[in-house]
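Just so it is clear, none of the values below were taken in a lab; they were calculated from the coordinates. Fair warning: this is a prediction, and the values are worked out from it, not measured in the lab. Every residue, glycine as well, gets a Cβ built from its backbone with ideal geometry; the counts of neighbours run over all protein chains shown.
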Amino acid sequence: MNYVLSIYKQNKHLINQLVKRDVLQRYRGSYLGVLWSFVTPLFMLAIYTYFFGFVFNNRWGESASDNKFEFALILFCGLIVFNFFSEVVTKSPTLMINNTNLVKRVVFPLEVLSIVLMRSAFVHTLISVLILVIGLIIIGSVHWTIIFLPIVLMPIVLFATGFSWFLSSLGVYIRDISQLIGLIMQALMFLSPIFYPITIIPENLRFVYYLNPLTYVVEDMRRILMWGQMPDWKFTILGLLLSIVIFFLGLIWFRKTKRGFADVL
């Protein structure tokens, strides 16, 4: 833990600058610039409302209301979590390859690149959360349980960072892993309770969904934001402990394997 804190403290300014560069570079040359970070989730929210609410006329469970916009917000909760995790995981296998100039610098702390990737993705997550909260205000459904949001998101943040260290290291030695991760993430979107409640899954198959780390975070997001319920503390604490283990295992793995990066690249 002290090693992680020391890396962050020593390179705090560098991390902040790299995150800023990454966020701005994504929209460099466009007319709207960073405003696309707001426009994109707003546009997607409008699409979800129209197609799932009006075209398919879906409802979330038997006891859900007929409010089409509320249904879109329920979907949006799940997609916020998935999009964050997907962005970190899909970019990780090529993280070192895309920063070869930094890898070959002897004194550059390569560990910070996964932290930068996570924080950059989290910036867009926070923007989406802001839009979600505005939507909740519009429908008059803001609950005090929103204060648990940092606790609910912490497991997926730690898990994604640790997993990023694993994948960014493996991506140097096994280039095909990038393609494999892309396929897995496509499958994971439909194997997570994002577009449907987990209650519609037959009980004998639900264990598959509970092996998915996204499931707990998505479910808790909806509990605290949409329905004003407390998080499922048992799974939240268990998920946090598991994420801490993945976080440190990923860091240990990365530190042991990074010595050969420069030779391979």
Query raised in the report: In which sequence would Leu170, Leu241 go, from the one with the fewest C-beta neighbours within 10 Å to the one with the most?
Result: Leu241, Leu170
Query raised in the report: For the chain, which span is the longest to avoid every loop-located (per DSSP) member of trypsin sites (Lys or Arg not before Pro) having at most 14 other Cβ atoms inside 10 Å?
Result: 176-265
Query raised in the report: Exposure proxy check: His124, His143 ranked by fewest other beta carbons within 10 Å?
Result: His143, His124
Query raised in the report: Pairing the Cα long axis of helix 36-48 with the longest principal axis of the chain, what angle in degrees results, from 0 to 90 and rounded to the nearest 10?
Result: 40 degrees
Report task. Please give the helix 233-257 orientation as an angle from the longest Cα principal axis of the chain, in degrees from 0 to 90, rounded to the nearest 10. Result -> 20 degrees
Requested in this report: Just tell me which lysines come within less than 30 Å, Cα to Cα, of Lys104; anything on the same chain fewer than 8 places away is out.
Outcome: Lys9, Lys12, Lys20, Lys91, Lys256, Lys258
**Report entry** Helix axis angle, 112-138 relative to the chain longest principal axis, alpha carbon, degrees
**Finding:** 20 degrees
Requested in this report: List Leu240, Leu113 from most exposed to least, where exposure is judged by having the fewest other Cβ atoms within 10 Å.
Outcome: Leu240, Leu113
Report summary line: Under the Karplus relation with 6.51, -1.76 and 1.60 and θ = phi - 60°, whole-Hz ³J(HN,Hα) for region 214-219, x at Gly and Pro, equal 5, 4, 5, 5, 4, 5
